[in-house]
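Trainee: To start, I am sharing the structure in question, which I have written as structure tokens.
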């Protein structure tokens, strides 16, 4: 893939020249950026096939450059190589967790760089290609780019807070029913749903949390919907008559719904994985079609591992207590 375009972001002119020389000899087209902010602009104006980035740079460090690009659906598949003097194990770990494909120290030799670039390009997933807003993004001011970073970090803090709160719930109650109510109640603080459910596949048990006014018929339909989804993951067919379906209704919403309203106009169900297997399902419903935004669904996917661990631990504890 010698014709690929590569963006090199580094504030060292010497390193830029060395890396450019090595890569152009391999037939690559090289684009240069002197700092992190310029790297963002150059990315959208040039749309490279791979990014090589220093960590310590003016205006924005390499970690933030990588994270900001990985936040963009049209850029997340682009390979990103960290090339830096920051070579401690903690720096490498942070770089990979940020989204870097590879991590090279600046005492590299030419063959190491060529091999890393070739391997990254060969293994790269197909890119979504240029986005509709590329031209505008290429013209962003420093302040606009830094504002995007601030928004991203604020969102990451919010997401980390949610994950931490869900994990903390496991220490607040030993009662499985109370735990399900706490988990779904917390989800209800950022997703507007009518009914939520946690279904234990092996135990054939479904706890349904009533978050908004609904009718009993809606509750039964929710149970049937979740049971159907359980069948896709269970070792044997699951029939609704064989499932223990129970209710959590802390605000007395059952029986208060409108006859002409459909609380299941939107229904989503996601598996909860723990110990390398699907142990439960998390389901939500709402009375409006397409009720859940992509932002809400992305947060649901983000918290899924934490919810799975909490539910699985509570499931195992409840089983031990009743044996």
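The values are calculated or read from the model by the stated rules, or taken from the named source; none is laboratory data. Here the structure is a predicted model, which means the values were calculated and not measured. Cβ sites come from the backbone with ideal geometry, for glycine too, and all protein chains shown count toward neighbours.
Trainee: Inside the range 1-17, can you point out the residues that are free of Cβ contacts under 8 Å to residues at least 40 places away in the same chain and surrounded by fewer than 17 Cβ atoms within 10 Å (Cβ to Cβ)?
Mentor: 2, 3, 13, 14, 17
Trainee: Being modelled with pLDDT of 85 or more, part of a loop (DSSP other than H, G, I, E, B) and more than 17 Å from residue 216 (Cβ to Cβ) is the filter here, so list the residues in the range 251-281 that pass it.
Mentor: 265
Trainee: Let me confirm something: among 207, 223, 196, which residue is in the same structural domain as residue 296 (by TED's automatic domain parsing), closer than 15 Å to residue 267 by Cβ, in contact with a helix residue (DSSP H, G or I) (Cβ under 8 Å, 6 or more places away or on another chain) and not in a helix (DSSP H, G or I)?
Mentor: On inspection, the qualifying residue turns out to be 196.
Trainee: Of the residues in the range 45-63, how many are surrounded by 23 or more Cβ atoms within 10 Å (Cβ to Cβ) and either within 15 Å of the chain's Cα centre (by Cα) or over 15 Å from residue 8 (Cβ atoms) (or both)?
Mentor: 0
Trainee: Looking at the range 20-43, which of the residues that are closer than 19 Å to residue 63 by Cβ and touching a helix residue (DSSP H, G or I) at 6+ places or on another chain (Cβ under 7 Å) is surrounded by the most Cβ atoms within 10 Å (Cβ to Cβ)?
Mentor: For the range 20-43, the residue satisfying everything is 39.
Trainee: Out of all the residues in the range 165-185, which are part of a helix (DSSP H, G or I) and free of Cβ contacts under 8 Å to residues at least 40 places away in the same chain?
Mentor: Correct list: 165, 168, 178, 182.
Trainee: If you go through the range 234-265, how many residues are closer than 24 Å to residue 306 by Cα and in contact with a strand residue (DSSP E or B) (Cβ under 7 Å, 6 or more places away or on another chain)?
Mentor: Matching residues across the range 234-265 total 5.
Trainee: For the range 79-104, enumerate the residues that are more than 26 Å from the chain's Cα centre (by Cα) and over 18 Å from residue 65 (Cβ atoms).
Mentor: Selection gives 87, 88.
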